[in-house]
Amino acid sequence: MSNSDTSNVEAYELRINGRNHEVRDSWIGESLLYVLRERLGLPGAKGACEQGECGSCTVIMDGRAVCSCLVMSASAVGSDIATVEGLGTDGQLSDVQRAFLEAGGVQCGFCTPGFIVAVHHLLDASPNPNDEQIKEALSGNICRCTGYGRILEAVRTVAVQRRGQQRGVEA
Ligand code: FES
Ligand code: FES
């Protein structure tokens, strides 16, 4: 069935980045990735493979990093969804976004939103990851450009920065 088929349409609400978004005239089988990008104007998550293989579409759903290309959008009703658009504050880049830029972990940028979301998810759960844990956490994200070394460097940098900030708060 194509996305233009109107024989099976739904209106529902999704909670994304702390706000409710109404989805209208949506075919019931549309993926969360499609709805984010094409219906809600949130193009941060990218569709590279649309088969759950590359991680470019990663979002956080109820605390889990998921491939939004594999999630049926209507099944996400009632879930808390976080996308790359919700990570910065007041128009400023997040610490992870800044570190990727500074380390040169971005080239074509197609994989980058998925990596950024996955790294936030990792560091929120595990503030002091070793390299093996970083590689494991990012094993579902594929980059065709950077060779991963700079991405790893960016993750290590943010982990160190956050620990420094934490010590400052505790002092
Ligand atoms: S586009 Fe979803 S995993 Fe590749
Ligand atoms: S920067 Fe091009 S795919 Fe990662």
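The values are calculated or read from the model by the stated rules, or taken from the named source; none is laboratory data. From a predicted model like this one, the values you see are computed outputs, not experimental measurements. We place every Cβ from the backbone using ideal geometry, glycine too, and count neighbours over all the protein chains shown.
Please indicate, with yes or no, whether at least one residue in region 51-62 is over 15 Å from the mean Cα position of the chain (by Cα), within 23 Å of Gly164 (Cβ to Cβ) and away from ligand 2 (no atom under 14 Å from the Cβ).
Residues of region 51-62 over 15 Å from the mean Cα position of the chain (by Cα): 51.
Add one more test, that the residue is within 23 Å of Gly164 (Cβ to Cβ), and what stays is none.
Within region 51-62, none of the residues are over 15 Å from the mean Cα position of the chain (by Cα), within 23 Å of Gly164 (Cβ to Cβ) and away from ligand 2 (no atom under 14 Å from the Cβ).
Only one entry of Asp95, Asp90 meets the criterion of being away from ligand 2 (no atom under 16 Å from the Cβ), free of Cβ contacts under 8 Å to residues at least 24 places away in the same chain and among the acidic types (Asp, Glu), and that entry is Asp90.
Residues in region 28-60 that are assigned to a loop (DSSP other than H, G, I, E, B) and either modelled with pLDDT under 95 or charged (D, E, K, R) (or both): 6 in all.
Within region 61-115, the residues that satisfy the criterion of being within 15 Å of ligand 1 (Cβ to nearest atom) and either part of a strand (DSSP E or B) or of a type in the set (Asp, Glu) (or both) are Met61, Arg64, Ala65, Val66, Cys67, Met72, Ile81. Val169 meets each of the listed conditions (1) loosely packed, with under 11 Cβ neighbours inside 10 Å; (2) in a loop (DSSP other than H, G, I, E, B) apart from (2). When the criteria are applied in full, Ala76 meets the requirement of being touching a residue at least 60 places away in the same chain (Cβ under 8 Å), farther than 25 Å from Cys108 by Cβ and buried (at least 19 other Cβ atoms within 10 Å of the Cβ). Only a single criterion out of (1) under 24 Å from Leu33 (Cα atoms); (2) in contact with a helix residue (DSSP H, G or I) (Cβ under 7 Å, 6 or more places away or on another chain) is not satisfied by Asp80, namely (2). Here Gly104, Gly109, Gly149, Gly114 are screened, and the one residue that is at pLDDT 95 or above and closer than 20 Å to Thr83 by Cα is Gly114. Among the residues of region 139-164, write down those that are closer than 14 Å to Cys111 by Cβ, surrounded by 17 or more Cβ atoms within 10 Å (Cβ to Cβ) and touching a residue at least 60 places away in the same chain (Cβ under 8 Å). Asn141, Ile142, listed by residue number.
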